[in-house]
Amino acid sequence: MRVLSIVHGPRVRAELFGDVVLAEGHSLEEWSVVSEPAPPRPVAAYDAVLVFGGHMNVDQEREHPWLLQEDEVIRSLVERRVPLFGVCLGGQLLAKASGAPVGPLTEVERGFVRVTLSDGAADDPVFGALPREFDAFEGHGYAFQVPEGAVELGRSEVCTQVIRVGDCAWGVQFHPEVRLEQVAEWYAREEQVPNAQRYVEELRSRIDEWQAFGSRLCRLFLAAADRTTAAS
(Lines give C-alpha, C1' and ligand atoms only; values in the text may rest on other atoms or scores of the structure.)
Protein backbone atom coordinates (compact mmCIF):
# COMPACT_ATOMS: atom_id res chain seq x y z
CA MET A 1 0.00 0.00 0.00
CA ARG A 2 0.95 3.62 -0.44
CA VAL A 3 0.49 5.35 2.93
CA LEU A 4 0.28 9.11 3.54
CA SER A 5 1.39 10.58 6.87
CA ILE A 6 -0.16 13.99 7.62
CA VAL A 7 1.88 15.90 10.21
CA HIS A 8 1.53 19.24 11.99
CA GLY A 9 5.11 20.01 12.97
CA PRO A 10 8.63 18.53 13.11
CA ARG A 11 8.18 16.99 16.59
CA VAL A 12 4.90 15.19 15.85
CA ARG A 13 5.75 12.93 12.93
CA ALA A 14 5.04 9.25 12.21
CA GLU A 15 7.92 8.07 14.43
CA LEU A 16 7.33 4.43 15.49
CA PHE A 17 4.37 4.10 13.12
CA GLY A 18 6.62 5.09 10.23
CA ASP A 19 9.02 2.28 11.12
CA VAL A 20 6.17 -0.23 11.19
CA VAL A 21 4.73 0.92 7.86
CA LEU A 22 8.08 0.42 6.14
CA ALA A 23 8.81 -2.87 7.94
CA GLU A 24 5.46 -4.24 6.72
CA GLY A 25 6.52 -3.56 3.13
CA HIS A 26 4.44 -0.45 2.43
CA SER A 27 5.60 2.93 1.16
CA LEU A 28 5.28 6.07 3.28
CA GLU A 29 5.13 9.70 2.17
CA GLU A 30 4.75 12.72 4.43
CA TRP A 31 2.66 15.84 4.06
CA SER A 32 3.40 18.70 6.45
CA VAL A 33 0.02 20.37 6.08
CA VAL A 34 1.27 23.33 8.12
CA SER A 35 3.87 24.36 5.55
CA GLU A 36 3.06 22.57 2.29
CA PRO A 37 -0.06 23.31 0.20
CA ALA A 38 -0.42 19.73 -1.03
CA PRO A 39 0.97 16.23 -0.41
CA PRO A 40 3.66 14.73 -2.68
CA ARG A 41 0.94 13.28 -4.93
CA PRO A 42 -2.86 13.70 -5.09
CA VAL A 43 -4.61 12.48 -1.93
CA ALA A 44 -6.64 10.04 -4.04
CA ALA A 45 -3.39 8.21 -4.91
CA TYR A 46 -2.95 6.89 -1.36
CA ASP A 47 -4.37 3.65 -0.01
CA ALA A 48 -4.31 4.64 3.67
CA VAL A 49 -3.73 7.80 5.70
CA LEU A 50 -2.23 8.46 9.14
CA VAL A 51 -2.95 11.82 10.83
CA PHE A 52 -0.75 12.77 13.77
CA GLY A 53 -0.76 15.28 16.63
CA GLY A 54 0.12 18.92 17.09
CA HIS A 55 0.28 21.72 19.64
CA MET A 56 -2.68 23.52 18.08
CA ASN A 57 -6.37 22.83 18.67
CA VAL A 58 -9.11 22.07 16.15
CA ASP A 59 -10.95 25.33 16.82
CA GLN A 60 -7.97 27.58 16.01
CA GLU A 61 -8.74 28.06 12.32
CA ARG A 62 -8.04 31.80 12.55
CA GLU A 63 -4.48 31.19 13.77
CA HIS A 64 -4.01 28.12 11.56
CA PRO A 65 -6.13 28.50 8.39
CA TRP A 66 -4.78 25.25 6.95
CA LEU A 67 -7.09 23.48 9.45
CA LEU A 68 -9.98 24.31 7.11
CA GLN A 69 -8.27 22.53 4.22
CA GLU A 70 -7.43 19.55 6.40
CA ASP A 71 -11.04 19.31 7.55
CA GLU A 72 -12.14 19.02 3.92
CA VAL A 73 -9.46 16.42 3.18
CA ILE A 74 -10.44 14.23 6.13
CA ARG A 75 -14.14 14.50 5.34
CA SER A 76 -13.43 13.41 1.77
CA LEU A 77 -11.31 10.46 2.93
CA VAL A 78 -14.10 9.23 5.20
CA GLU A 79 -16.70 9.62 2.46
CA ARG A 80 -14.51 7.64 0.02
CA ARG A 81 -13.83 4.95 2.65
CA VAL A 82 -10.07 5.42 2.60
CA PRO A 83 -8.59 3.72 5.70
CA LEU A 84 -7.53 6.41 8.18
CA PHE A 85 -5.98 6.44 11.65
CA GLY A 86 -5.90 9.70 13.61
CA VAL A 87 -3.72 10.23 16.69
CA CYS A 88 -4.60 12.87 19.34
CA LEU A 89 -5.11 16.02 17.23
CA GLY A 90 -5.60 13.66 14.28
CA GLY A 91 -8.37 11.84 16.13
CA GLN A 92 -9.97 15.14 17.09
CA LEU A 93 -9.86 16.29 13.46
CA LEU A 94 -11.56 13.05 12.39
CA ALA A 95 -14.31 13.58 14.97
CA LYS A 96 -14.77 17.23 13.99
CA ALA A 97 -14.90 16.43 10.27
CA SER A 98 -17.57 13.83 11.12
CA GLY A 99 -19.74 16.36 12.94
CA ALA A 100 -18.86 15.72 16.59
CA PRO A 101 -18.02 18.42 19.17
CA VAL A 102 -14.37 18.74 20.15
CA GLY A 103 -13.41 20.95 23.06
CA PRO A 104 -11.35 21.51 26.21
CA LEU A 105 -11.33 19.08 29.09
CA THR A 106 -11.90 20.09 32.69
CA GLU A 107 -9.04 17.72 33.59
CA VAL A 108 -5.97 17.47 31.34
CA GLU A 109 -4.71 13.93 30.71
CA ARG A 110 -0.94 13.41 30.80
CA GLY A 111 1.24 10.37 31.29
CA PHE A 112 -0.20 6.85 31.43
CA VAL A 113 -3.97 6.61 31.81
CA ARG A 114 -6.11 3.48 32.03
CA VAL A 115 -8.27 2.91 28.93
CA THR A 116 -11.14 0.41 28.91
CA LEU A 117 -12.49 -0.86 25.61
CA SER A 118 -16.23 -1.04 25.08
CA ASP A 119 -18.33 -4.06 24.17
CA GLY A 120 -18.45 -2.58 20.67
CA ALA A 121 -14.70 -3.08 20.33
CA ALA A 122 -14.96 -6.88 20.58
CA ASP A 123 -15.46 -7.37 16.83
CA ASP A 124 -13.60 -4.28 15.68
CA PRO A 125 -11.03 -5.07 12.95
CA VAL A 126 -8.29 -3.19 14.86
CA PHE A 127 -9.13 -2.96 18.56
CA GLY A 128 -10.85 -6.33 18.81
CA ALA A 129 -7.45 -8.03 19.03
CA LEU A 130 -6.18 -5.82 21.89
CA PRO A 131 -6.56 -6.29 25.66
CA ARG A 132 -9.87 -5.10 27.11
CA GLU A 133 -7.92 -2.74 29.40
CA PHE A 134 -4.53 -1.11 28.93
CA ASP A 135 -2.56 1.92 30.08
CA ALA A 136 -2.09 4.50 27.33
CA PHE A 137 0.36 7.39 27.16
CA GLU A 138 -1.56 10.67 26.93
CA GLY A 139 -0.87 14.36 26.46
CA HIS A 140 -3.97 16.39 25.65
CA GLY A 141 -6.21 19.13 26.99
CA TYR A 142 -8.94 18.80 24.33
CA ALA A 143 -11.02 15.72 23.56
CA PHE A 144 -13.57 14.55 21.03
CA GLN A 145 -17.09 13.33 21.50
CA VAL A 146 -18.56 10.49 19.43
CA PRO A 147 -19.90 11.47 16.00
CA GLU A 148 -23.43 10.45 15.11
CA GLY A 149 -23.37 6.95 13.65
CA ALA A 150 -19.82 6.29 14.90
CA VAL A 151 -18.82 3.74 17.56
CA GLU A 152 -17.12 4.51 20.84
CA LEU A 153 -14.51 1.78 21.20
CA GLY A 154 -12.82 2.91 24.42
CA ARG A 155 -12.89 5.40 27.30
CA SER A 156 -10.82 6.62 30.21
CA GLU A 157 -12.41 8.00 33.39
CA VAL A 158 -12.19 11.45 31.81
CA CYS A 159 -13.27 11.11 28.18
CA THR A 160 -13.76 9.04 25.04
CA GLN A 161 -10.42 7.58 23.95
CA VAL A 162 -11.16 5.60 20.79
CA ILE A 163 -13.75 5.94 18.03
CA ARG A 164 -14.45 4.26 14.73
CA VAL A 165 -16.17 6.32 12.04
CA GLY A 166 -17.74 4.17 9.33
CA ASP A 167 -15.94 0.89 8.90
CA CYS A 168 -12.38 2.03 8.22
CA ALA A 169 -11.54 5.28 10.06
CA TRP A 170 -10.25 5.29 13.63
CA GLY A 171 -9.32 8.06 16.02
CA VAL A 172 -7.50 7.82 19.37
CA GLN A 173 -6.68 10.40 22.04
CA PHE A 174 -3.47 8.72 23.20
CA HIS A 175 -0.04 8.56 21.56
CA PRO A 176 0.91 5.02 20.44
CA GLU A 177 3.53 6.34 17.99
CA VAL A 178 5.92 8.18 20.31
CA ARG A 179 9.61 7.75 20.98
CA LEU A 180 11.16 8.66 24.33
CA GLU A 181 13.41 11.36 22.85
CA GLN A 182 10.42 12.94 21.11
CA VAL A 183 8.41 13.23 24.34
CA ALA A 184 11.45 14.53 26.24
CA GLU A 185 11.72 17.31 23.66
CA TRP A 186 7.99 18.11 24.00
CA TYR A 187 8.26 18.63 27.73
CA ALA A 188 11.60 20.43 27.58
CA ARG A 189 9.67 23.17 25.76
CA GLU A 190 6.57 23.05 27.98
CA GLU A 191 7.52 25.40 30.80
CA GLN A 192 3.92 25.68 32.00
CA VAL A 193 3.38 21.93 32.55
CA PRO A 194 3.76 21.07 36.26
CA ASN A 195 6.07 18.12 36.94
CA ALA A 196 6.79 17.71 33.24
CA GLN A 197 9.87 15.59 33.84
CA ARG A 198 7.75 13.07 35.71
CA TYR A 199 5.92 12.16 32.50
CA VAL A 200 9.20 11.67 30.67
CA GLU A 201 10.53 9.38 33.39
CA GLU A 202 7.25 7.47 33.49
CA LEU A 203 7.53 6.82 29.76
CA ARG A 204 11.21 5.92 30.09
CA SER A 205 10.34 3.18 32.58
CA ARG A 206 7.67 1.72 30.28
CA ILE A 207 8.92 2.54 26.79
CA ASP A 208 9.53 -1.05 25.68
CA GLU A 209 6.03 -2.27 26.55
CA TRP A 210 4.44 0.88 25.16
CA GLN A 211 6.27 0.64 21.84
CA ALA A 212 5.37 -3.03 21.59
CA PHE A 213 1.73 -2.01 22.01
CA GLY A 214 2.07 0.80 19.47
CA SER A 215 3.71 -1.48 16.92
CA ARG A 216 0.95 -4.04 17.32
CA LEU A 217 -1.75 -1.39 16.99
CA CYS A 218 -0.18 0.00 13.82
CA ARG A 219 0.14 -3.48 12.28
CA LEU A 220 -3.51 -4.19 13.06
CA PHE A 221 -4.55 -0.97 11.34
CA LEU A 222 -2.39 -1.71 8.30
CA ALA A 223 -3.84 -5.21 8.02
CA ALA A 224 -7.38 -3.82 8.19
CA ALA A 225 -6.48 -1.15 5.62
CA ASP A 226 -4.94 -3.78 3.35
CA ARG A 227 -8.15 -5.83 3.45
CA THR A 228 -10.26 -2.74 2.67
CA THR A 229 -8.01 -1.82 -0.24
CA ALA A 230 -8.08 -5.37 -1.63
CA ALA A 231 -11.89 -5.45 -1.45
CA SER A 232 -12.42 -2.12 -3.18
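The values are calculated or read from the model by the stated rules, or taken from the named source; none is laboratory data. Values in this document were obtained by computation on a predicted structure and should not be read as measured data. All Cβ positions, glycine included, derive from the backbone under ideal geometry; neighbour counts span all protein chains shown.
Couple of notes before you dig in:
- In the stretch 198-224, the residue that is farthest from V82 (Cα to Cα) out of those that are modelled with pLDDT of 95 or more and basic (K, R) is R204.
- Those residues of the stretch 69-117 which are over 14 Å from M56 (Cβ atoms), among the polar types (S, T, N, Q) and within 16 Å of the chain's Cα centre (by Cα), in sequence order: S98
- Residues that are in contact with a His (Cβ under 7 Å, 6 or more places away or on another chain) and buried (at least 19 other Cβ atoms within 10 Å of the Cβ) occur at least once in the stretch 31-39.
- Any pair with Cβ under 6 angstrom, 6 or more apart, that starts in the stretch 105-129 at a residue that is over 27 Å from D226 (Cα atoms) and among the acidic types (D, E) and ends at one that is modelled with pLDDT of 95 or more and outside any strand (DSSP E or B): E107/V158; E109/V158
- Per the conditions (1) surrounded by 14 or more Cβ atoms within 10 Å (Cβ to Cβ); (2) at pLDDT 95 or above, the sole criterion not satisfied by R227 is (1).
Listed here are the residues, each with its yes/no results for (1) under 21 Å from R13 (Cα atoms); (2) among the aliphatic types (A, V, I, L, M); (3) in contact (Cβ under 8 Å) with a residue 24 or more places away in the chain; (4) surrounded by 17 or more Cβ atoms within 10 Å (Cβ to Cβ).
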| position | (1), (2), (3), (4) |
| --- | --- |
| E152 | no, no, yes, yes |
| V162 | yes, yes, yes, yes |
| W170 | yes, no, yes, yes |
| Q173 | yes, no, yes, yes |
| V178 | yes, yes, yes, yes |
| L203 | yes, yes, yes, yes |
| L217 | yes, yes, yes, yes |
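- Of the criteria (1) basic (K, R); (2) out of contact with any Pro (no Cβ under 9 Å at 6 or more places or on another chain); (3) in contact (Cβ under 8 Å) with a residue 12 or more places away in the chain, which one R189 fails: (3)
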